[in-house]
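Colleague: Dumping the structure here so I can ask a few things about it.
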Amino acid sequence: MSGKTNTLIIGGGIIGLLTARELAIAGQSVTILEKNTHAGLESSWAGGGILSPLYPWRYPDAVTDLAVIGHKDYPRLAADLLKSTGIDPEYVRSGHLILDLDEYDQAKSWAKTFSKKITLERKSKFLQRIGRRELSLIEPELSENHTAALWMPVIGQIRNPRLIKALVKDLKQRGVKIIPDAEVKAIHSENGKVLYIESSNTRWSADSYLVAAGAWSASLLADTGLSLAVEPVRGQMILFKADPDKLRRIILNNSKYLIPRRDGHILAGSTLEYVGFNKQLTDSGYQELWSAAVDIAPFLENTPVVSHWAGLRPGSSSGVPTIDRHPDLENLVICSGHFRNGVILGLGSARIAAELLTGSDSLKSNYQTRNPYRVQ
Ligand SMILES: Cc1cc2nc3c(=O)[nH]c(=O)nc-3n(C[C@H](O)[C@H](O)[C@H](O)COP(=O)(O)OP(=O)(O)OC[C@H]3O[C@@H](n4cnc5c(N)ncnc54)[C@H](O)[C@@H]3O)c2cc1C
């Protein structure tokens, strides 16, 4: 290929796409190589688009710091994409109800720190505990068994397939090349630098390279002598079609959640299964999701299920992604391992990855000495 590309990105999921956007805005020329027929068909398509980690207080600060960036900047990204592409990614500040109350104290102290880092409207609270009366006022269709909840009114959601469609169109308008059916098979290096990468019968070269191959990142990097602790973790989802506004908030109970969309679709997720690179759907997964959904909102028992799918999350042990230079190859950056939170964490991750790729000074002071996303 011509020597014009500054950066070659391996993987057109949310991480690759968002990083490409950061780089294109910074004036870089970018090419994305994607193994599938279209970008964004793997975990990033399958995900729910909740713009918060589930039970966010359970995560280390490194995750919270990225969540802060996503929380602040998704509304602007969605508005910009709508303007530039005409495609609405449906950012909605729907709020988030958590029906498990046993971690209230941890939640309270986490929320105190988090809310200091974001802009809250005057007098609004980031997290509060509400009782039966208020709960049934804001979500009348909830099961009566649920008598109290943690309520986070400012948490938002986004519709993944639309976000991806909008990002792809926006990137093309910015001159980013997205090459489909281009599975990278090998990374060739010499003297501590990547020389070229190889997909089927084509060699690709650039100034720098990004591995953003989601659950496949570890196998790709094994070639380079690096053992990256990222593994596939299957997540199944089912989709109900109800009347609009039957539910309005993201609702979490016992690690299972409902995400109501504006048009009445309600996503019920998700399973957590360590079964390798296997996206097969299972009856037991379906039953697990269906029962949990009906337990939250009994009307779903008589609501049609219109879809059932699975995706492979890039699982990492503590949910902290790796965003770092390859220890032996100076022009190769890795951004992977976002596990259950790649959408909300993606914006901040993309910014760090883009800075590592361009070697920008702001990052040197911030991350090169104390990067919490270092290769382990
Ligand atoms: C059921 C489910 C629910 C989820 N819900 C949420 C949520 O509510 N909120 C949230 O923030 N996150 C959620 N997630 C997690 C989130 O979807 C992921 O963390 C995120 O999509 C990871 O993005 P990625 O770009 O790293 O990976 P992917 O989206 O998997 O993208 C990697 C891309 O690389 C390509 N690729 C791989 N190998 C190669 C190769 N050799 N050559 C070329 N291309 C290659 C793949 O085809 C793929 O397109 C959910 C995930 C699942 C499965």
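Each value in this text was obtained by applying a stated rule to the coordinates, not by laboratory testing. Source: prediction; values computed, not measured. Backbone-built Cβ (ideal geometry, glycine too); neighbour counts: all protein chains shown.
Colleague: What's the extension gain from SER360 to ARG262 if we count 0.36 nm per residue and subtract their Cα-Cα distance?
Modeller: Gain in length upon complete extension: 31.3 nm.
Colleague: Could you calculate the contour length gain from LEU101 to ASP328, that is, 0.36 nm times the residue separation minus the distance between their Cα atoms, to one decimal place in nm? Can you show the working numbers first?
Modeller: Values: separation 227, 0.36 × 227 = 81.72 nm, distance 4.64 nm.
Full extension of this stretch gives 77.1 nm more.
Colleague: First check a/c for the stretch 15-68, with a ≥ b ≥ c the square roots of the eigenvalues of its C-alpha gyration tensor; if it is under 1.5, answer rounded, and if not, answer prolate when a/b is larger than b/c or oblate otherwise.
Modeller: Working: a/c = 3.36, a/b = 1.51, b/c = 2.23.
Here the stretch 15-68 falls in the oblate category.
Colleague: Over every pair of different alpha-carbon atoms in the stretch 160-235, take the mean of 1/r and invert it; report that Kirkwood radius in Å.
Modeller: Working: mean 1/r = 0.0689 Å⁻¹.
Hydrodynamic radius (Kirkwood, Cα pairs) of the stretch 160-235 is 14.5 Å.
Colleague: May I pose another question? What list of whole percents do you get for P(r) of the stretch 192-237, with Cα-Cα distances grouped in 5 Å bins up to the one holding the largest distance?
Modeller: Per 5 Å bin, starting at 0, the Cα pair percentages come out as 5, 17, 23, 24, 16, 8, 5, 2, 0.
Colleague: In addition: With contacts defined as alpha carbon pairs under 8 Å and 6 or more residues apart, what's the relative contact order of the stretch 54-134 in percent?
Modeller: 35
Colleague: Here is a follow-up. For the chain, give me the percentage of DSSP beta bridges that are antiparallel, rounded to the nearest 5 percent.
Modeller: Antiparallel: roughly 70 percent of the beta bridges in the chain.
Colleague: Using 7 Å Cα-to-Cβ label points, what is the LEU137/HIS38 separation (nm, one decimal)?
Modeller: 4.3
Colleague: Follow-up question, since we're still on this one. Compute the distribution of all C-alpha to C-alpha distances in the stretch 187-311, in bins of 10 Å from 0, and list the percent of pairs in each, rounded to whole numbers.
Modeller: So the P(r) values, bin by bin, are 12, 32, 20, 17, 15, 5, 0.
Colleague: In addition: Once you place label points 7 Å from the Cα toward the Cβ at ALA26 and ARG174, how far apart are they in nm?
Modeller: That separation, rounded to one decimal, is 1.1 nm.
Colleague: Further, regarding this structure: Which one of ARG93, ARG325, ARG133 has the biggest mean-square fluctuation once the chain is modelled by GNM with Cα springs under 10 Å?
Modeller: Answer for the Gaussian network model of the chain: ARG133.
Colleague: Any idea what the relative contact order of the stretch 1-84 is, in percent, if you count C-alpha pairs under 8 Å spaced at least 6 apart? Write down the numbers at each step before the final one.
Modeller: Numbers: 57 pairs, mean separation 20.9, N = 84.
Relative contact order here is 25 percent.
Colleague: If you average the sequence gap of Cα pairs under 8 Å that are 6 or more apart and divide by the length of the chain, what percent do you get for the contact order? Write down the numbers at each step before the final one.
Modeller: On the way: 828 pairs, mean separation 91.4, N = 376.
This gives 24 percent for the chain.
Colleague: Of LYS112/LYS256; LYS125/LYS246; LYS112/LYS241; LYS185/LYS279; LYS172/LYS256, which pairs sit farther than 27 Å apart, going by alpha carbon to alpha carbon?
Modeller: Beyond 27 Å between Cα atoms: LYS112/LYS241; LYS172/LYS256.
Colleague: Per q in 0.08, 0.12 Å⁻¹, report the Debye log10 I(q)/I(0) for the chain, using one uniform scatterer on each alpha carbon and no solvent.
Modeller: -0.40, -0.89
Colleague: I would also like to ask the following. Work out Dmax and Rg for the stretch 110-157 from the C-alpha atoms and quote the Rg first, both in angstrom.
Modeller: Rg and Dmax of the stretch 110-157, Cα atoms, are 12.5, 35 Å.
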